[in-house]
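Student: Just passing along the structure, written as structure tokens.
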Amino acid sequence: MRRKVIAGNWKMNMLPNEAISMITELTPLVKEANSEVVLCVPYTDLFYALLTAQGTNIKIGAQNMHYEESGAYTGEVSAKMLKSIGVEYVIIGHSERRQYFAETDETVNKKVKAAFANELSPIVCVGETLEQREAGKQYDVITEQTRKALDGLSDKQVANTIIAYEPIWAIGTGKTATSEDANEAIKKIREEIGKIYGQNIAQEVIIQYGGSMKPTNAKELLEMSDIDGGLIGGASLKAKDFANIVMCLQ
Ligand code: 13P
């Protein structure tokens, strides 16, 4: 049985004092969770979030990183730097980074490799635009993004990659993919991994759904056969909402 991983993506929100309050409020609400609980926070919150979450079952992740270890890359943060302060997860290739910050399948692949080299767990985002969906190309898009992100990884690394299927048209719009649609897309991603790396590995990969997941629709999505968790934006900013999502299957 695959474990469920429920991860919040705060995006560019929350000052350190807000991060500390949110995590303090969240801690007792999710302490009995059967799922893994992760919060991916802005760089400026990482240290405070790590200290506040110490000794709890809440794990802390970053939202991006550079693929080089160090060097003349003004403004960037490396996997080694994240690891050095105790970060465990990192989101890679979020659609907002692909859209606004020139992230490509190639940089995603380099970042995934750098994350593993530094013992961080990558959460790799894939997802189609509305246009691509309307043209019937959504499965081609997400399987290609998946293939390229995983290219050159060992079997063990593939098995330990978390993939987040986030249809771009569902992000921040209040429109959620139906649970059947989301499950179908995730099955296609798993099939693609199976074709390249074999069924056993494909069955181990955690694949989340993301896009307007909230307390009112989380249970239905998370009960689907292939949806192994969620990557949650807006609803991860409030402790109660996020806790309701984390605890909805218990
Ligand atoms: P929303 O939950 O706000 O739609 O954001 C989803 C997302 O992009 C998580 O990475």
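Student: With the contact rule set at Cα under 8 Å and sequence spacing of 6 or more, what percent relative contact order holds for region 195-250?
Tutor: Relative contact order of region 195-250: 37 percent.
Student: Using a 1.4 angstrom probe on the protein heavy atoms only, could you order 190, 97 from most to least accessible area?
Tutor: Details: 190 10, 97 60 Å².
From most accessible down to least: 97, 190.
Student: Ok, one more. Explain nothing, just compute: Karplus ³J(HN,Hα) = 6.51 cos²θ - 1.76 cosθ + 1.60, θ = phi - 60°, for every residue of region 202-211 in order, whole Hz, x for Gly and Pro.
Tutor: Each residue's phi maps through the Karplus curve to give 4, 6, 8, 6, 7, 10, 8, 10, x, x Hz.
Student: About the Cα centre of region 1-146, what is the dipole size in debye to 20, counting +1 per Lys and Arg Cβ and -1 per Asp and Glu Cβ, all else neutral?
Tutor: Computed charge dipole of region 1-146: roughly 380 debye.
Student: What whole-number value in Å² describes the accessible area per residue of region 1-149 for a 1.4 Å probe?
Tutor: On the way: 7370 Å² over 149 residues.
Using a 1.4 Å probe on heavy atoms only, each residue of region 1-149 averages 49 Å².
Student: Still on this structure, I have one more. Just how many % of Cα pairs in region 1-91 lie over 22 Å apart, if you round to the nearest whole percent?
Tutor: Beyond 22 Å sits 27 percent of the P(r) for region 1-91.
Student: Using mean Cβ contacts within 10 Å as the protection proxy, how do 230-236, 157-163, 15-21 order, highest first?
Tutor: 230-236, 157-163, 15-21
Student: For 166, 184, 204, give me the order by solvent-accessible area with a 1.4 Å probe, most accessible first, ignoring ligands, DNA and RNA.
Tutor: Putting 166, 184, 204 in descending order of accessible area: 204, 184, 166.
Student: Something else about it: Would you kindly find the accessible area of residue 119, with a 1.4 Å probe and non-protein molecules such as ligands, DNA and RNA excluded, rounding to the nearest 10 Å²?
Tutor: 140
Student: Could I ask something else about it? How much accessible area does residue 201 have with a 1.4 Å probe, in Å² rounded to the nearest 10?
Tutor: Approximately 20 Å² of residue 201 is accessible to the 1.4 Å probe.
Student: Toward the positive end of the charge dipole of region 64-135, about the Cα centre and with charges on Cβ (Lys, Arg +1; Asp, Glu -1), which of 108, 71, 90 goes farthest?
Tutor: 71
Student: Do you know the relative contact order of the chain, to the nearest whole percent, from alpha carbon pairs under 8 angstrom that are 6+ apart?
Tutor: Relative contact order, the chain: 22 percent.
Student: With +1 on each Lys and Arg Cβ and -1 on each Asp and Glu Cβ, and nothing else charged, work out how big the dipole of region 66-162 is about its Cα centre, in Debye to the nearest 20.
Tutor: Charge dipole of region 66-162: 200 debye, to the nearest 20.
Student: Per 10 Å bin, what percent of the C-alpha pairs of region 124-250 does each bin hold, from zero upward?
Tutor: 14, 45, 31, 10, 0
Student: Still on this structure: Calculate what fraction, in whole %, of the accessible area of the chain sits on carbon and sulfur atoms when a 1.4 Å probe is rolled over the protein chains. Could you put the intermediate results ahead of the total?
Tutor: Details: 5810 of 11450 Å².
Exposed carbon and sulfur together represent 51 percent of the surface.
Student: In terms of modelled amide H atoms, which long-range or inter-chain residues lie less than 5 Å from the amide H of residue 8?
Tutor: 38, 39, 40, 232
Student: Return the single residue from 65, 213, 14 with maximal mean-square fluctuation; model: Gaussian network over the chain, springs between Cα atoms under 10 Å.
Tutor: Ranking 65, 213, 14 by mean-square fluctuation puts 14 first.
Student: Protein chains only, probe 1.4 Å: how do 43, 67 rank by accessible area, largest first?
Tutor: Values: 43 90, 67 65 Å².
Solvent-accessible surface, decreasing: 43, 67.
Student: Would you work out the charge dipole size for the chain about its Cα centre, treating the Cβ of every Lys and Arg as +1 and the Cβ of every Asp and Glu as -1, and quote it to the nearest 20 debye?
Tutor: For this selection, approximately 340 debye.
Student: Moving to a separate point now. Can you flag which of 80/110; 4/175; 137/219 are past 18 Å Cα-Cα?
Tutor: Correct reply: 4/175; 137/219.
Student: Which whole-percent values make up P(r) of the chain when all C-alpha to C-alpha distances are grouped in 10 Å steps starting at zero?
Tutor: Per 10 Å bin, starting at zero, the Cα-Cα P(r) for the chain comes out as 8, 34, 38, 18, 2 percent.
The values are calculated or read from the model by the stated rules, or taken from the named source; none is laboratory data. Nothing here was measured: the structure is a model prediction, and the numbers come from that model. Methodologically, a virtual Cβ is constructed for each residue, glycine included, from the backbone with ideal geometry; neighbour enumeration extends over all protein chains shown. The area values use the complete protein model at the heavy-atom level, side chains included, leaving out ligands, DNA and RNA. Shrake-Rupley method; radii C 1.70, N 1.55, O 1.52, S 1.80 Å.
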